[in-house]
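**Student:** Shown below is the structure under consideration.
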Amino acid sequence: MREEHLLYDLRDSPFCMKARICLHLKGVSYRTVTVTARRYRELRRLNPLGKVPVLVHDGEVIADSSSIARRARTVSSWRNGPTRRSTSSSARSSG
């Protein structure tokens, strides 16, 4: 069984939107992980800069929307169908 793609993102980020669009256009199946105050430490372990988007697949971490777009374009084995599931925490940081 293949490990799924996890996309750490924020809904309002234009960079995350770019990554989601690229993944969708290339038919890459992924699950979003909305970064909240509770998940920020997890994000920092993946990307020490603490920036989104970050894509994780088979233990490989790809940070930056342009890097995600390049990888989605060049790796044809990622084509699992354009499905997307969302995982988010109801807690939001207010400042």
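The values are calculated or read from the model by the stated rules, or taken from the named source; none is laboratory data. The structure presented is a predicted model; accordingly, all values stated were derived computationally and were not measured. Counting neighbours? That spans all protein chains shown, and the Cβs are built from the backbone with ideal geometry, glycine included.
**Student:** Applying the selection to region 52-66, what residues are modelled with pLDDT of 95 or more and surrounded by fewer than 17 Cβ atoms within 10 Å (Cβ to Cβ)?
**Tutor:** Correct list: Val61, Ser66.
**Student:** Taking the condition at pLDDT 90 or above, surrounded by fewer than 17 Cβ atoms within 10 Å (Cβ to Cβ) and out of contact with any helix residue (DSSP H, G or I) (no Cβ under 9 Å at 6 or more places or on another chain), does Arg79 pass? Break it down stepwise before answering.
**Tutor:** On the way: at pLDDT 90 or above: no; surrounded by fewer than 17 Cβ atoms within 10 Å (Cβ to Cβ): yes; out of contact with any helix residue (DSSP H, G or I) (no Cβ under 9 Å at 6 or more places or on another chain): yes.
No: the conditions fail for Arg79.
**Student:** I'd like to know if region 51-66 contains one or more residues that are assigned to a helix (DSSP H, G or I) and in contact with a strand residue (DSSP E or B) (Cβ under 8 Å, 6 or more places away or on another chain). Lay out the reasoning, then the answer.
**Tutor:** Keep residues of region 51-66 that are assigned to a helix (DSSP H, G or I), which gives 65-66.
Cutting the leftovers down to in contact with a strand residue (DSSP E or B) (Cβ under 8 Å, 6 or more places away or on another chain) gives us none.
Within region 51-66 (the criterion being assigned to a helix (DSSP H, G or I) and in contact with a strand residue (DSSP E or B) (Cβ under 8 Å, 6 or more places away or on another chain)), the answer is no, since none of the residues qualifies.
**Student:** Same structure again: Just give me the residues in region 11-35 being surrounded by fewer than 16 Cβ atoms within 10 Å (Cβ to Cβ) and assigned to a loop (DSSP other than H, G, I, E, B), in sequence order.
**Tutor:** Arg11, Asp12, Gly27
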